[in-house]
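Worksheet for the structure shown next.
The values are calculated or read from the model by the stated rules, or taken from the named source; none is laboratory data. In this text the structure is predicted, and so the values were computed from the model without any measurement. Counting neighbours? That spans all protein chains shown, and the Cβs are built from the backbone with ideal geometry, glycine included. These accessible areas exclude ligands, DNA and RNA; they are computed on the full protein's heavy atoms, side chains included. Shrake-Rupley method; radii C 1.70, N 1.55, O 1.52, S 1.80 Å.
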Amino acid sequence: MDRTSLVLEDVAFADILEGIRANWSGGQVVGLVGPNGAGKSTLLRILAGVRRPTRGRVWVQGQLVDQISPKLRARLVAYLPQQIPDDTAFTVEQYVEMGRFAHRTLWGGLDTASRAAVDEAIERVNLLPLRRARLDRISGGERQRAGIARCLAQGSPIILLDEPIANLDVHYQLDILLHLQTLAEQGWLVVLAIHHLEFAAQYCDRLLLLHAGRIYAEGRPSDVLSEQALQEVFRVEARTYADPYGGHLRVSYST
Amino acid sequence: MRRARPGWVFGLLGAALLIGAALELSLGPVVIPVRQLIPDAWRYFHGLQDTNAVVIGAIRLPRLVVAALVGAGLATTGAVLQAVFRNPMADPSVIGVSSGASLGAVLTIQLGLSQLNRWTTPVGAFVSALVVVFVIYRIATVQGRTSIYSLLLSGVAFSTLCSSIVTLILSLAPLETMQQMLFWLMGGLDGSSWQEGLSLFAFLTVGMAVYLTQAHALDVLSLGEEQAEGVGVAPQRTKQIVLVTAALMVGACVSATGVIGFVGLVVPHLLRIWLGPANRRLIVASAMGGAVLMLFSDLVARMILLPAELNVGIITSCIGAPFFLFLLRRQESSSF
């Protein structure tokens, strides 16, 4: 897993993104932060190979992302869009199985490795009791967890998640973030868009702060989330300080 | 509604198929007892020409084969079109593909191409079905999502346009050509031959195999293109493969029996309620269900005004049109 890498060379997309450079390797959680409309989702789509950048290049494991076949790409990069479908009658289990599409056998079956990956992913997000429930009959948070399970089941060394904890209660927010951290410790590269700045600071190894489609800052969370950045990028007055219990960054917003 | 166990659904479909086949073979102006069916067919295939053997072997059996295959072809095509368009109202006849196929066929007759060999008319039907399906897809799909309204409206527009051109060609054609066209357009199962059954079988086997290879990709695609791309599906390629195959299937079916409406709408929709949306299971079940619906519709069409015979499309439309309207009313609240 030591070859896991994601490199962006001067990536631009229409008038949404400009001059994005980064070089991430496996073993870390990278948080994309920034206000609404800063380009986080578009950047994730480009990283996933779902959108072609209008300029620049994206390398996944040393290969150009738009020159590898969709199936091979899916084996390298798992991508979870922001919207998990809520109008489908597929069950949680069927949905998670879709994560194994690139691993299906010639006749479309799931081999034992795939079965095990699906079971493990469903168990990981605590959806075993709901595995036969329909996606349109469960809550938004449960759907989100199903989406994360689909992504985990895919078994790709790079995982891209667009606001994966947006609809979750605090228990599952922490649970999912901790799990992503564990994956990173095992060599995975996790890139996620995240709005919750304190969680971003606590659970991400690196942050990339986007402002109007450009990189405002990139690096360790405590360096990226400066009081000046909060004011210039998010237009909020805030003080930052180290949490007295854990030492990670806290933000105190002044009204 | 609770989902049924797949075993039950397939068992019921199998039983219905057997019963439908037995009745289709047994009933008619000459009633042949069910226990006589196999011996009669046996005699026909061993060269005996008594009345019952000929009625079974040369008339009813090929008719049964063509009816079942056309039903299977239309229903499976309906199932995959519904998945591609992410829309439960998609059906070859509703979205204008069937009328497109008719137009192509009539054109080849008008231009004298049908004289060349027996494949030019089916190929014409296939090509124009293909054109219509792609144009409608282009018009009705915005950012990967096909709106039900633009799908139905562009389908109506194209159906009407194609039918008008067919009428125009008919009214301008010389009498002999016109008869040939009408014979082709009316289609129906009357006079189905073994040759027709065999070429249908060839087309449908290939088409259904293609559908089955795309079933898992269609599952993911029905959740949206971003989800699909995220797990390794190539949405455009999947859609192109399925739409070309669908045009081929509709072309083959329309060539055999003329336009038969609503089979592709009713069958997959009902089965999706019982079996869930997974396409592989749904395609196999739709093939069986489509055959069942066609066999029973044909039975009604042949028996209701005995000895006269109705076109089977009338019966499927009588079943399908109210169902279609019911769906349209329910549509807003339902999950696909």
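Values as computed for the structure displayed
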| quantity | calculated |
| --- | --- |
| Computed [θ] at 222 nm, deg cm²/dmol, the protein assembly as shown (DSSP H ≥ 4; -39,500 (n - 2.57); rounded to nearest 500) | -18000 deg cm²/dmol |
| Residue-level accessible surface for A:Asp15, protein heavy atoms, 1.4 Å, Å² | 140 |
| A:His171 - accessible surface, heavy atoms, 1.4 Å probe, Å² rounded to 10 | 110 |
| Debye-sum result for chain A in log10 I(q)/I(0), which assumes one identical scatterer on each alpha carbon, at q = 0.07, 0.12, 0.13 Å⁻¹ | -0.24, -0.71, -0.83 |
| Cut-off of 10 Å, at most 11 other beta carbons, DSSP loop: longest stretch of chain A lacking such chymotrypsin sites (Phe, Trp or Tyr not before Pro) | A:108-244 |
| Stokes-Einstein D in µm²/s, Kirkwood radius over Cα pairs - chain B at 25 °C with 0.890 mPa s viscosity | 120 |
| Largest to smallest principal axis extent of the C-alpha atoms in the protein assembly as shown, angstrom | 98, 51, 43 |
| Cα centre as origin, Lys/Arg/Asp/Glu Cβ charges: the protein assembly as shown dipole, Debye | 700 |
| Magnitude of the charge dipole, the range A:1-146, Cβ model with Lys/Arg +1 and Asp/Glu -1, debye to 20 | 180 |
| Residue order for A:Val125, B:Val31, B:Val244 - accessible surface, 1.4 angstrom probe, largest first | B:Val31, B:Val244, A:Val125 |
